[in-house]
Amino acid sequence: TCKRDYPIGKLQAGHFIPGREDSILFDPVYVHAQCYRCNIKRQGEWLKYFRFMEKKHGREYVLELMDRSEKKCLITPEWIENTMVHYLKKIKVKNGENLGRIILKESENGLDEVVVKFAGDSGDGMQLTGSQFSDTSAFIGNDLSTFPDYPSEIRAPGGTIAGVSGFQVHIGQKEVHSPGDQADVLVAMNPAALKANMRWIKDGATIIIDIDNFDNKHYKKAGYVEDPLGDGSLEGYNVVKAPITHLTRSTVKEFGLDIKTADKTKNQFVAGLLYWLFNRDIKIGENFLKRKFKNKQMLVDANIKVLREGYNYAETIEAMTTTFMVNPAKKKKGLFRNITGNQATAWGLIAASERSGRPLFLGSYPITPATEILQELASRKHLGVKTFQAEDEIAGISAAIGASYAGHLAATSTSGPGLALKGESIGLAVMTELPLVIINVQRGGPSTGLPTKTEQADLMQALYGRSGESPVVVMA
């Protein structure tokens with residue numbers, strides 16, 4: 001904004017740096033600048049992001065222009081050219097390097113950290129969008145921690161609280177230790193996603209909703225008595241009402257996709273919104289999609305077009321007039337990987353096997369949320385890893401005990417209900433003094449519980465859940 005807080009420009013993928021009067025971001029590819037004071041749009045070839053520069057004519061001159069007729073456009077080709085020349089002389093740019101990124105990297109202004117929650121039905125692709133946004137953040141140098149949140153029911157009814165699937169990512173310019181508690185930004189694809197996550201967002205947070213799904217039919221499914229958009233419950237939040245479904249379908253119409261397939265690309269519209277909001281390079285998202293659908297060119301083209309549509313939509317709406325930047329974390333140069341806790345556990349077992357000189361054996365029965373350990377190790381046969389998918393929990397741990405007797409580094413993985421079944425066999429391993437690693441990836445609730453939810457409630461079971469004197473080392 002200018003000195004009188006008139007919104008004079010809309011940003012496409014960058015933001016003005018607070019306190020930096022001379023900050024400007026632009027790219028030699030595309031420009032879409034708009035002067036809202038006169039409501040006249042202009043397009044050019046160079047300028048992508050801009051802020052009024054007072055140095056050339058002084059503050060009084062700019063204020064005078066702002067007070068003139070609303071039919072007078074302040075953004076002229078001459079102004080754009082002068083601005084470009086000024087900054088190209090001021091900052092040396094390497095060939096092919098984005099000037100906007102350079103300024104942002106040098107700036108200390110921005111957010112230290114931010115928590116984003118994606119939520120919708122299982123078919124809305126929020127898990128993929130969350131992973132995509134996480135990978136992009138990691139690519140530009142942010143530290144991060146993620147938390148996938150799956151429904152406990154298998155294909156719960158669409159639009160219901162039970163069917164809400166979510167993905168939370170916490171990114172920062174410093175070391176991040178957890179997925180975060182409350183979100184700064186919530187994406188709610190339907191009323192159920194909004195209702196399920198309202199207590200987990202901060203005051204004043206940005207809420208992005210698919211307005212096409214906010215109708216009486218969906219309110220009833222979510223258990224709303226009144227319209228949450230009109231009952232005052234969202235006062236104090238920045239609510240972005242985007243017609244995501246409608247715009248997505250119209251964007252991919254040329255590809256001849258059926259409605260079901262077209263709707264599967266909605267998550268890329270959301271990704272485009274978030275890329276703009278947090279100054280992410282859209283090219284990274286496009287490359288992600290090319291890898292994801294590398295053998296399906298039509299899906300690549302359709303998803304990329306929707307991604308760009310979401311990005312362009314964000315830069316044209318009044319509800320999203322400000323963008324944010326989480327600067328890269330200060331890390332040593334090297335190769336970094338974005339992995340899950342289960343992957344890290346599996347790799348830790350492989351590393352222990354290498355260091356101990358003992359071949360690794362995992363005897364396990366598939367159980368959510370520990371199955372990924374078995375899957376990861378099963379794909380490492382080329383490293384000498386042996387895995388055995390047993391018919392039940394008892395057979396899994398018993399096979400591991402046998403492998404330990406035969407000289408292997410033996411392990412078994414499970415969750416709370418499975419650990420209860422393994423109790424007698426754990427006592428056998430203690431009694432025979434055979435080394436054994438038991439991994440309990442904890443789920444929520446007693447008995448079968450909530451397979452896709454996590455909880456830290458099995459400590460007493462791990463310490464005392466066996467008969468007789470059966471001491472074990474517990475790391476929790």
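One table, with the values for the structure above:
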{"item": "Gyration tensor (alpha-carbon) shape descriptor, segment 317-379, a/c threshold 1.5", "result": "oblate"}
{"item": "Inter-label distance, nm, simple model (7 Å from Cα along the C-beta direction), MET460/VAL472", "result": "1.8 nm"}
{"item": "Which of GLY445, ILE373, TYR464, positive extreme of dipole for segment 341-465 (C-beta unit charges)", "result": "ILE373"}
{"item": "Cα-Cα over 19 Å, subset of LYS264/LYS290; LYS283/LYS331; LYS174/LYS333; LYS174/LYS332", "result": "LYS283/LYS331"}
{"item": "Considering only segment 341-465, percent of DSSP beta bridges that pair antiparallel, nearest 5", "result": "15 percent"}
{"item": "Where GluC sites (Glu not before Pro) fall in DSSP loop in segment 342-405, at most 12 other Cβ within 10 Å", "result": "GLU391"}
{"item": "Least to most buried among MET198, MET189, MET431, MET475 (fewest other Cβ within 10 Å first)", "result": "MET475, MET431, MET198, MET189"}
{"item": "Debye, to nearest 20: dipole size of segment 207-356, +1 on Lys, Arg Cβ, -1 on Asp, Glu Cβ", "result": "1160 debye"}
{"item": "FRET efficiency, 1/(1 + (r/R0)^6) with R0 41 Å, evaluated for GLN182 and LYS260 via beta carbons", "result": "0.75"}
{"item": "Highest average packing first - 379-390, 237-248, Cβ atoms within 10 Å", "result": "237-248, 379-390"}
{"item": "FRET efficiency, LEU234 to GLN389 (Cβ-Cβ, R0 51 Å, nearest 0.05)", "result": "0.60"}
{"item": "Under Karplus coefficients 6.51, -1.76 and 1.60, residue-wise ³J(HN,Hα) of segment 311-317 in Hz, glycine/proline x", "result": "5, 5, 4, 4, 7, 10, 9"}
{"item": "Rounded if a/c under 1.5, otherwise prolate or oblate - segment 341-465, Cα gyration tensor axes", "result": "oblate"}
{"item": "Total charge dipole magnitude, segment 171-246, about the Cα centre, Cβ charges on Lys, Arg, Asp, Glu only, Debye to nearest 20", "result": "200 debye"}
{"item": "Farthest positive-ward along segment 113-316 dipole, Cα basis, beta-carbon charges - from LEU247, PHE118, GLN168", "result": "LEU247"}
{"item": "Positive minus negative residues near THR452 (Lys, Arg vs Asp, Glu; Cβ under 15 Å)", "result": "-2"}
{"item": "Karplus 3J(HN,Hα) series, Hz, for segment 239-251 with 6.51 cos²θ - 1.76 cosθ + 1.60 (x for Gly, Pro)", "result": "9, 9, 9, 9, x, 5, 4, 4, 5, 5, 4, 5, 5"}
{"item": "Restraint check, LYS117/LYS386; LYS266/LYS292; LYS260/LYS305, Cα-Cα greater than 27 Å", "result": "LYS117/LYS386"}
{"item": "Other-chain or far-sequence residues with amide H under 5 Å of ILE201's (modelled H)", "result": "ALA183"}
{"item": "Amide H partners (placed H, <5 Å) of ALA242, local residues excluded", "result": "ILE209, ILE211"}
{"item": "In order through segment 277-293: 3J(HN,Hα) via Karplus (6.51 cos²θ - 1.76 cosθ + 1.60), integer Hz, x for Gly, Pro", "result": "4, 10, 6, 8, 6, 5, 4, 5, x, 5, 5, 4, 5, 5, 6, 5, 10"}
{"item": "Ordering of 285-294, 160-169, 333-342 by burial proxy (mean other Cβ atoms within 10 Å per residue, highest first)", "result": "160-169, 285-294, 333-342"}
{"item": "Shape category assigned to segment 153-222 from the gyration tensor of Cα positions, a/c cut at 1.5", "result": "prolate"}
{"item": "About the Cα centre, charge dipole magnitude for segment 341-465 (Lys/Arg +1, Asp/Glu -1 at Cβ), debye", "result": "320 debye"}
{"item": "Length added when fully stretched, LYS453-ASP112, from 0.36 nm per residue minus Cα-Cα", "result": "119.9 nm"}
{"item": "Cut-off under 5 Å, modelled amide H: who pairs with SER165 long-range", "result": "GLY120, ASP121, SER122"}
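Computed from the coordinates by the stated procedures, all read-outs in this text should not be read as laboratory data. Small disclaimer: the values here were computed from a predicted structure and weren't measured. Cβ sites come from the backbone with ideal geometry, for glycine too, and all protein chains shown count toward neighbours.
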